[in-house]
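Peer 1: Sharing a structure with you now.
The values are calculated or read from the model by the stated rules, or taken from the named source; none is laboratory data. Everything numeric here is computed off the predicted structure, so don't read it as measured data. Cβ placement follows ideal geometry from the backbone for every residue including glycine, while neighbour counts extend to all protein chains displayed. Heads up: the accessible areas ignore ligands, DNA and RNA and are worked out on the full protein's heavy atoms, side chains in. Shrake-Rupley method; radii C 1.70, N 1.55, O 1.52, S 1.80 Å.
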Amino acid sequence: MNGIGALRAFARLCHIASFMLLAALALSLLFYTCLSAFGITPWLTLPLHFGEIEVVNGGLYVQSAVTLLGIALLAYLPSNFRVLQLEKSHRDFHLNMEDVARAYQICHHADRQGVFSLSSEFDAVRERLSYLRDHPDLGRLESDVLTLAAQMSEKSRDIAEIYSDAKVARAKKFLSERQREIEDQQERIIDALHICDEVRKWKRQIEAEEDVLQRQLARLDKRLRLILPDLGYDFEREERSNVVQLASKPAAE
């Protein structure tokens, strides 16, 4: 920033020197041409030819044209100088606004921390102004800039109170706890889904094993029905019961 400021100052000095030099040359030409017009000083003498035609009093024409050009440039200088002044004013305004914004940010941050305690408008502005003047980063700023920043901070003290660091910290803590609760709940839901999947797979496995067992019992029952009659046993089923009774066949004498 210091190097850029030095370059801007050097460029401004070059512009001022150029304006002064051009103005001095234009006024000198005008003064000398006026003296030549009154016969006090001689006109410029130049051997000018346009083809084979010699231009009589060519130096007079050249001197008059250069003088008119210098006067025209001299008339243009004030407008150009005003443009430079406007650019400088705009640049200074931009820099001042940056300083005001920086000072206001520092003051507003202190207000959010609860540094200021006075309630009346005049005392609040004075307290903020004193704080800004004592701040180590704002020592080079002008008093008007600090006063404007203090007034802006006083107008926004309600916002600073609402969004104080303590309240913002509590809100962040509350949101963090809610976020942790949500994450814990999501983990429990994921665990419950895994358990449901395991129970479902286990149920299907048990059902499959039971189905295999039922088929095996059916084949066993079928085989028993084929084998036991040959051994002398009959199956008698009661109509209202599932109990199977085996009746022994008397041996042949």
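Peer 1: Would you confirm whether or not region 91-98 contains a residue that is surrounded by 14 or more Cβ atoms within 10 Å (Cβ to Cβ) and at pLDDT below 80?
Peer 2: Here is the first cut: in region 91-98, the ones surrounded by 14 or more Cβ atoms within 10 Å (Cβ to Cβ) are 96.
The next check asks that each one be at pLDDT below 80; those that pass are 96.
There is at least one residue in region 91-98 that is surrounded by 14 or more Cβ atoms within 10 Å (Cβ to Cβ) and at pLDDT below 80.
Peer 1: Write out, first by first residue and then by second, each pair whose Cβ atoms fall under 7 Å of each other, whose residues are 6+ apart or on separate chains, and whose first residue, in region 32-48, is farther than 9 Å from Gly59 by Cβ while the second is among the aromatic types (Phe, Trp, Tyr).
Peer 2: So the pair list comes out as Ser36/Trp43; Thr41/Tyr32.
Peer 1: On to the next question. Of all the residues that make up region 43-72, how many are surrounded by 10 or more Cβ atoms within 10 Å (Cβ to Cβ) and assigned to a loop (DSSP other than H, G, I, E, B)?
Peer 2: 5
Peer 1: Being open to solvent by less than 50 Å² (accessible area, probe 1.4 Å), under 21 Å from Phe19 (Cα atoms) and in a helix (DSSP H, G or I): is that true of Leu35 here? Please lay out each step first, then the result.
Peer 2: On the way: open to solvent by less than 50 Å² (accessible area, probe 1.4 Å): yes; under 21 Å from Phe19 (Cα atoms): no; in a helix (DSSP H, G or I): yes.
In short, no.
Peer 1: Just to be sure, is Arg200 under 41 Å from the mean Cα position of the chain (by Cα), open to solvent by 90 Å² or more (accessible area, probe 1.4 Å) and of a type outside the set (Phe, Trp, Tyr)?
Peer 2: Values: under 41 Å from the mean Cα position of the chain (by Cα): no; open to solvent by 90 Å² or more (accessible area, probe 1.4 Å): yes; of a type outside the set (Phe, Trp, Tyr): yes.
So Arg200 fails the test.
Peer 1: Scan region 104-119 and report the pairs whose first residue is assigned to a loop (DSSP other than H, G, I, E, B) and whose second residue is open to solvent by 70 Å² or more (accessible area, probe 1.4 Å), with Cβ atoms within less than 7 Å and a gap of 6+ or a chain change.
Peer 2: If the second residue must be open to solvent by 70 Å² or more (accessible area, probe 1.4 Å), the pairs left are Val115/Tyr131.
Peer 1: Considering only region 48-59, I want to know if a residue exists there that is modelled with pLDDT of 80 or more and of a type in the set (S, T, N, Q). Don't jump to the end; show me each part of the working.
Peer 2: Going through region 48-59, the residues modelled with pLDDT of 80 or more turn out to be none.
Looking through region 48-59, none of the residues is modelled with pLDDT of 80 or more and of a type in the set (S, T, N, Q).
Peer 1: Continuing with this model, one more query. Looking only at region 211-230, which residues are hydrophobic (A, V, I, L, M, F, W, C) and either open to solvent by less than 100 Å² (accessible area, probe 1.4 Å) or within 60 Å of the chain's Cα centre (by Cα) (or both)? Reasoning before the result, please.
Peer 2: Here is the first cut: in region 211-230, the residues hydrophobic (A, V, I, L, M, F, W, C) are 212-213, 217-218, 220, 224, 226-228.
Within region 211-230, Val212, Leu213, Leu217, Ala218, Leu220, Leu224, Ile227, Leu228 meet the criteria.
Peer 1: Only residues that are in contact (Cβ under 8 Å) with a residue 40 or more places away in the chain and either within 11 Å of Leu77 (Cα to Cα) or among the charged types (D, E, K, R) (or both): list them for region 16-25, please. Explain how you work it out, then say what you get.
Peer 2: Pass one, region 16-25, residues in contact (Cβ under 8 Å) with a residue 40 or more places away in the chain: 19, 22-23, 25.
Once the filter is applied, which keeps residues that are in contact (Cβ under 8 Å) with a residue 40 or more places away in the chain and either within 11 Å of Leu77 (Cα to Cα) or among the charged types (D, E, K, R) (or both), region 16-25 yields Phe19, Leu22, Ala23.
Peer 1: Against the condition out of contact with any Gly (no Cβ under 6 Å at 6 or more places or on another chain), modelled with pLDDT of 90 or more and open to solvent by less than 90 Å² (accessible area, probe 1.4 Å), how does Glu181 come out, does it pass?
Peer 2: no
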